[in-house]
Amino acid sequence: MNPKLKITKYVAVQLGLATDDKSIRKLVQIFWQNIRLKEKGGLWLTEKGFECLVDAGIKHHRVEFDESIYVNNSLLLWVDRNIDCPFYITHKEIYLFGEKMAVQLVLFAGNLQKLQRAQKRFAEKQ
């Protein structure tokens with residue numbers, strides 16, 4: 001099962017919402033910025049989706065951005081493709097529902113652009 005569907009169904013169960021296929025498809029449209037079901041990435045939450053995951057008691061981590069960061073469309077697309085846990089992003093911070101990714105971003109002082117460059121360099125060496 002697709003990770004997005006698994007998460008949506010788990011949250012629906014935790015919140016006491018209907019879990020039939022039609023209801024889950026509607027919730028996917030409400031919870032996620034990108035409703036395409038991909039095996040990797042695409043876990044960017046809407047504001048309502050973020051609230052529901054928090055209400056369901058799923059642990060999240062808040063990472064403030066480095067002041068020098070400039071969030072543009074290219075960076076947002078990279079984040080959507082490469083962050084492997086649900087996340088909600090604002091202009092000043094990102095909320096991650098995955099500990100590993102949160103630690104990586106903290107190690108880069110909340111600078112997504114530095115994380116992006118480091119992952120590109122690592123991929124080139126592979």
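Restricting the stretch 7-48 to residues that are of a type in the set (Ser, Thr, Tyr) and within 14 Å of residue 86 (Cα to Cα), the residue that is surrounded by the most Cβ atoms within 10 Å (Cβ to Cβ) is 8. Selection of the stretch 49-66 for residues being touching a helix residue (DSSP H, G or I) at 6+ places or on another chain (Cβ under 9 Å), more than 23 Å from residue 104 (Cα to Cα) and surrounded by 12 or more Cβ atoms within 10 Å (Cβ to Cβ) yields 49, 52, 56. Among the residues here, residue 37 does not qualify as under 13 Å from the mean Cα position of the chain (by Cα) and under 30 Å from residue 117 (Cβ atoms). For the stretch 48-67, indicate whether the set of residues that are within 30 Å of residue 17 (Cβ to Cβ) and in contact with a Ser or Thr (Cβ under 8 Å, 6 or more places away or on another chain) is non-empty. Checking the stretch 48-67: not a single residue is within 30 Å of residue 17 (Cβ to Cβ) and in contact with a Ser or Thr (Cβ under 8 Å, 6 or more places away or on another chain). Does residue 48 meet the test of being in the same structural domain as residue 6 (by TED's automatic domain parsing) and more than 16 Å from residue 3 (Cα to Cα)? So residue 48 passes the test.
The values are calculated or read from the model by the stated rules, or taken from the named source; none is laboratory data. From a predicted model like this one, the values you see are computed outputs, not experimental measurements. For neighbour counting, all protein chains shown are included, and Cβ atoms are generated from backbone atoms with ideal geometry for every residue, glycine included.
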